[in-house]
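Chemist: Here it is: the structure, laid out below.
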Amino acid sequence: MIVVDRIEGERAVLSFGGELIDVPLAALPKDLREGDVLAVSRDETARAGILTEGEARLERLRARSEKGPDTFDL
């Protein structure tokens, strides 16, 4: 469960799995308020272009392998 802990300027602080995560407010629904609970499915994140940390790391490794062995872009 993802809960909107608070909104600070252009950022939302989300509580997820016992951790607080800062997210740009522009990436979230416009009518978002503190205390709202967000439900996100894997399909929705894929359509929105949001990658998990592991998926983002895999994409960087794939891009690196396409550039050749002498390039390091982490």
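The values are calculated or read from the model by the stated rules, or taken from the named source; none is laboratory data. Here the structure is a predicted model, which is why all the values come from computation and not from measurement. Here the Cβ positions follow ideal geometry from the backbone for every residue, glycine too, while neighbour counts run over all protein chains shown.
Chemist: Which of (1) at pLDDT 90 or above; (2) within 18 Å of E55 (Cβ to Cβ) is the odd one out, the single condition V40 does not satisfy?
Modeler: (1)
Chemist: List the number of the failed condition for G9; all other conditions in (1) among the small types (G, A, S); (2) at pLDDT 90 or above; (3) surrounded by 10 or more Cβ atoms within 10 Å (Cβ to Cβ) hold.
Modeler: With respect to (1) among the small types (G, A, S); (2) at pLDDT 90 or above; (3) surrounded by 10 or more Cβ atoms within 10 Å (Cβ to Cβ), G9 is out only on (3).
Chemist: Looking only at segment 12-25, count every residue that is more than 12 Å from the chain's Cα centre (by Cα) and loosely packed, with under 10 Cβ neighbours inside 10 Å and tell me the total.
Modeler: Here the count works out to 3.
Chemist: Only residues in segment 1-18 that are under 20 Å from K30 (Cβ atoms) count as the first member; pair them with residues that are surrounded by 14 or more Cβ atoms within 10 Å (Cβ to Cβ) and among the small types (G, A, S), Cβ under 7 angstrom, at least 6 apart or cross-chain, and list the lot.
Modeler: What qualifies is V3/S15; V4/A12; D5/S15.
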